[in-house]
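Reviewing the structure listed below.
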Amino acid sequence: MNIKHKISLKEKSGKNLINIAEKVRVGKRLKCAREGLNITQSVLANMLGKKQEEIARYESGQNLTMDYIITLSKKTKKPLYWFFETEEETKHHEFLETLLSRFK
């Protein structure tokens, strides 16, 4: 899979907080969250006041900012850390939550 990105000057200089590989992973997590809600890119776009094309770019890891990820966290009801962790880490957290719920 070949994904092309326009790299900003901040990314080129290494000053960006989220590198390109991480943006792609966050984009994939966004897609997973959207699919978990069983909604289309168009529906999510309407919820956020965006165009469907913008959602497609976000899901491919392009144009992502922390402000937008925070908004997505609220709209998808996923904790902010969820967008940055790996699937393995998510499974671990879910396992721990299941264990803890047994003791409540």
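The values are calculated or read from the model by the stated rules, or taken from the named source; none is laboratory data. Just so you know, these numbers come straight off a predicted model, no measurement behind them. All Cβ positions, glycine included, derive from the backbone under ideal geometry; neighbour counts span all protein chains shown.
What are the residues in region 25-38 that are surrounded by fewer than 18 Cβ atoms within 10 Å (Cβ to Cβ) and hydrophobic (A, V, I, L, M, F, W, C), if any?
Within region 25-38, C32, L37 meet the criteria.
When the residues of region 76-89 are filtered to those that are modelled with pLDDT of 85 or more and assigned to a helix (DSSP H, G or I), which remaining residue is nearest to L30 (Cα to Cα)?
Of everything passing the filter in region 76-89, F83 is nearest to L30 (Cα to Cα).
From the list I55, I7, I20, which residue is at pLDDT below 90, surrounded by 12 or more Cβ atoms within 10 Å (Cβ to Cβ) and in contact with a helix residue (DSSP H, G or I) (Cβ under 9 Å, 6 or more places away or on another chain)?
Going through I55, I7, I20 in turn, just one is at pLDDT below 90, surrounded by 12 or more Cβ atoms within 10 Å (Cβ to Cβ) and in contact with a helix residue (DSSP H, G or I) (Cβ under 9 Å, 6 or more places away or on another chain): I20.
Considering only region 46-62, how many residues are over 14 Å from the mean Cα position of the chain (by Cα) and under 19 Å from V24 (Cα atoms)?
The total comes to 2.
Enumerate the pairs (first residue in region 23-42 and in contact (Cβ under 8 Å) with a residue 60 or more places away in the chain and closer than 17 Å to E89 by Cβ; second residue anywhere and crowded, with 20+ Cβ neighbours inside 10 Å and small (G, A, S)) with beta-carbon separation below 9 Å, excluding pairs fewer than 6 apart on the same chain, so at least 6 apart or on different chains.
If the second residue must be crowded, with 20+ Cβ neighbours inside 10 Å and small (G, A, S), the pairs left are R25/G61.
For every residue, the table says whether it meets (1) surrounded by 15 or more Cβ atoms within 10 Å (Cβ to Cβ); (2) in contact with a Leu (Cβ under 7 Å, 6 or more places away or on another chain).
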| position | (1), (2) |
| --- | --- |
| S60 | yes, no |
| T65 | no, no |
| Y68 | yes, no |
| L72 | yes, yes |
| T76 | yes, yes |
| P79 | no, no |
| E85 | yes, no |
| H93 | no, no |
| T98 | no, no |
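Checking the structure you have, find out if any residue of region 69-78 is more than 21 Å from I20 (Cβ to Cβ) and more than 13 Å from the chain's Cα centre (by Cα).
Among the residues of region 69-78, not one is more than 21 Å from I20 (Cβ to Cβ) and more than 13 Å from the chain's Cα centre (by Cα), which makes the answer no.
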